[in-house]
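Reviewing the structure listed below.
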Amino acid sequence: MKGRTSDMHQALSLLFLLTLLLASFRAIHCREILSGATDLDPIENPYLVKDINTYRSQQSSNIGNLCDVGGTLFFSVTYSCGSDVGLWKSDGTAGGTVPVYPVSIAGAPAYFTNVNDVLFFSGSALGAGEELWKSDGTPEGTVLVKDIRPGDSGSYPKYLVNINGTVFFQADDGVHGAELWKSDGTEAGTVLVKDIVSGSYSSSIGNLTGLNGVLLFTAITSDYGNELWRSDGTESGTYLVKDIYPGTTGSSSFYLTVSNGVLLFAASGYGDTGSQRLWRSDGTSAGTYCVKTGFPHSITNLADVNGTLFIAGTSTGSHELWKSDGTEAGTVMVKDIYPGPSGSYPSRLTNVNGVLFFSAASDSSGNKLWRSDGTETGTVEVWPATPNNMLNFNGMLIFTCSGSSTGSEPWISDGTAAGTSLLKDVYPGSNSSDLTWPTICGTFMFFVANDGINGKELWKSDGTTVGTALLKDPTPGSNPSGLGNLVEMSSALFFTANDGNAGNELWKSDGSEYGTQIVKDINPGAGSSTPQYLTNVGSTLFFVADDGANGPALWKSNGTDTGTVLVKDIYLSTYSEFASIANLNGIAIIVATEPTYGKELWRSDGTSDGTWLLKDINPGSSSSNPDYFGVYGGVLYFSAKD
């Protein structure tokens with residue numbers, strides 16, 4: 001037992017260090033595996049465990065999907081700028097950091113889950129689509145559990161969660177749509193739990209959460225709309241917990257959060273007219289009820305911080321910060337930050353190492369940076385400037401604001417005024433660097449900014465001033481390269497840029513200058529394919545591009561040239577028009593225009609046959625003009641005209 005505890009300590013220490021200290025050796029080894037001494041302060045002695053990708057000294061191995069399984073750390077590695085992906089493991093030593101299996105060529109393994117010291121994950125191999133796999137850490141013990149959807153389409157298992165030794169997940173077998181499945185690790189024991197929406201339509205399950213040995217999740221049906229469901233792994237034991245908003249409307253439950261042994265979530269009950277209130281559930285109908293009637297309502301944000309649920313909600317017309325322990329008596333306003341009817345309107349609730357950061361206004365001068373420990377006295381203003389782009393980055397808060405002698409630039413804070421400082425004056429002086437597209441990818445923060453010399457180009461930061469620097473200027477000099485649309489997928493950064501030769505095309509980066517390169521010249525030559533609406537949908541990048549032959553059409557990419565392909569040209573005779581793409585439970589939802597239906601919602605699973613009109617909301621050639629997409633609790637919300 002002592003040896004096992006030591007192994008667990010080492011693996012957990014390694015996991016912690018990989019998250020927080022990877023930047024220490026980034027300049028030499030890029031994103032490689034690090035560890036540290038297993039004493040009470042391992043941060044003092046970080047060391048490189050292994051330089052996995054030695055092909056080029058400045059090229060990273062793109063480590064991702066870290067998961068501790070019985071004291072062994074499993075992770076995915078990307079080699080050669082994304083051409084191959086494999087499953088690796090480590091015991092914290094160079095000799096014990098080894099490849100397990102080259103699971104995927106088409107995309108990184110994902111949804112790593114420990115089930116009784118066996119790793120379950122979603123992966124793919126040549127000749128098969130993305131399916132459920134498991135591994136005991138050996139090549140022969142890394143196997144496909146079941147080919148749920150035979151062929152190269154794949155069932156795309158998602159949202160894996162371990163409930164008492166059974167892994168529950170969403171999958172699409174091509175017959176029943178995307179529904180709830182379970183597995184005991186055997187082919188025979190990998191089965192559909194329930195076809196909640198009969199036939200090929202999907203119930204769009206989401207928010208899979210374990211509570212006291214029972215699975216709670218949200219699902220959408222024509223009878224109840226979006227409501228809370230539960231499952232014990234049997235068909236008869238999978239049922240609606242409560243029709244919170246009676247009828248077909250649905251309560252639109254989201255923000256499912258387990259806190260102090262109960263499920264807390266936001267939902268709309270009958271008569272709430274769309275306002276979200278705080279609910280709780282123990283998994284039974286009788287035990288599912290509104291925590292506090294009347295207020296807070298109109299909930300705009302929830303954040304669990306060390307077992308305390310923080311809420312941005314309205315009471316008697318004033319929108320303030322609340323907290324809850326799941327009881328009516330324990331649901332109270334934290335602080336009336338802006339006394340009176342106006343309210344402070346807390347927003348951007350961000351958990352950074354157990355401290356809540358947020359933006360709020362205490363008077364008419366505008367929003368400032370605040371923090372809270374859940375008490376009135378511990379809810380204080382941190383910095384007198386309006387924060388934007390708030391991110392938890394390696395245990396510190398990164399945000400943008402304007403300083404007394406600078407324009408809008410990136411700042412860093414530990415939650416105190418003394419510990420809040422300018423990260424870097426990217427554009428020196430009073431000018432603003434116009435930082436946009438801040439995106440966390442691994443242990444880097446990437447962003448687009450203008451330093452006054454190179455134009456708006458790609459930057460990266462490890463959270464230090466010296467480690468915040470220009471990554472690559474595709475068009476050297478002051479001419480901007482049109483960088484934008486930054487998206488993280490499978491531990492790599494994807495974006496669009498124009499290098500002056502290939503036009504505006506799809507690019508990717510592993511965090512090194514060498515590993516920042518074009519993915520594919522979709523519109524060959526100097527012409528631009530102008531990729532738009534880049535969206536990570538189940539480890540596949542969907543976007544709209546024009547190859548010069550088909551006009552704007554739906555494309556997808558796995559990060560390689562050969563894996564970047566046309567999905568479907570929705571209207572062959574002329575140009576289709578697109579307006580948005582959203583990820584809804586692993587399915588791409590697209591707004592597209594063509595003459596027969598006008599501007600409506602479409603859906604795609606990444607195949608031509610699996611791309612079709614979702615609904616003609618405004619029948620005929622008139623358009624419903626879907627807009628203002630928002631996905632909450634596995635449900636897509638949008639505005640439209642019927």
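Miscellaneous remarks
- Positions within the stretch 368-382 being farther than 10 Å from Gly415 by Cβ and open to solvent by 40 Å² or more (accessible area, probe 1.4 Å), in sequence order: Thr375, Glu376, Thr377, Glu381
- Within the stretch 567-577, none of the residues are more than 30 Å from Phe265 (Cα to Cα), at pLDDT 85 or above, crowded, with 20+ Cβ neighbours inside 10 Å and under 19 Å from the mean Cα position of the chain (by Cα).
- Residue check, Glu594 surrounded by fewer than 21 Cβ atoms within 10 Å (Cβ to Cβ), farther than 30 Å from Ile440 by Cα, modelled with pLDDT under 90 and in contact with a strand residue (DSSP E or B) (Cβ under 6 Å, 6 or more places away or on another chain): no
- The stretch 138-153 - residue that is over 27 Å from the mean Cα position of the chain (by Cα), within 29 Å of Thr97 (Cβ to Cβ) and touching a residue at least 12 places away in the same chain (Cβ under 8 Å) and, of those, most open to solvent (accessible area, probe 1.4 Å): Pro139
- None of Ala417, Ala385 is assigned to a loop (DSSP other than H, G, I, E, B), out of contact with any Gly (no Cβ under 6 Å at 6 or more places or on another chain), open to solvent by 20 Å² or more (accessible area, probe 1.4 Å) and not polar (S, T, N, Q) except Ala417.
- Of residues in the stretch 392-406 being open to solvent by less than 40 Å² (accessible area, probe 1.4 Å) and out of contact with any helix residue (DSSP H, G or I) (no Cβ under 9 Å at 6 or more places or on another chain), the one farthest from Leu302 (Cα to Cα): Thr406
- Sole residue being under 23 Å from Ser402 (Cα atoms), polar (S, T, N, Q) and in contact with a Lys or Arg (Cβ under 8 Å, 6 or more places away or on another chain), chosen from Ser347, Ser362: Ser362
- Listing of strands (runs of 3 or more DSSP E) fully contained in the stretch 154-254 that carry 1 or more residues being at pLDDT below 95, surrounded by 19 or more Cβ atoms within 10 Å (Cβ to Cβ) and under 21 Å from the mean Cα position of the chain (by Cα): 158-163, 166-172, 178-183, 206-211, 214-221
- The stretch 194-206 residues that are within 22 Å of Phe254 (Cα to Cα), paired with ones that are surrounded by 22 or more Cβ atoms within 10 Å (Cβ to Cβ) and among the aromatic types (Phe, Trp, Tyr) (beta carbon under 6 Å, 6 or more apart): Ile205/Phe217
- Single match in Gly340, Gly374, Gly313 (criterion: under 29 Å from Gly261 (Cβ atoms) and in a loop (DSSP other than H, G, I, E, B)): Gly374
- Test result for Gly538, modelled with pLDDT under 90 and within 21 Å of Trp602 (Cβ to Cβ): yes
- Residue tally, condition in a loop (DSSP other than H, G, I, E, B), within 17 Å of Phe444 (Cα to Cα), open to solvent by 10 Å² or more (accessible area, probe 1.4 Å) and not hydrophobic (A, V, I, L, M, F, W, C), over the stretch 454-509: 7
The values are calculated or read from the model by the stated rules, or taken from the named source; none is laboratory data. All values derive from a computational prediction rather than experimental measurement. Note that each Cβ is placed from the backbone with ideal geometry, even for glycine, and that neighbours are counted across all protein chains shown. Protein only, heavy atoms only, side chains kept; ligands, DNA and RNA dropped before computing areas. Shrake-Rupley method; radii C 1.70, N 1.55, O 1.52, S 1.80 Å.
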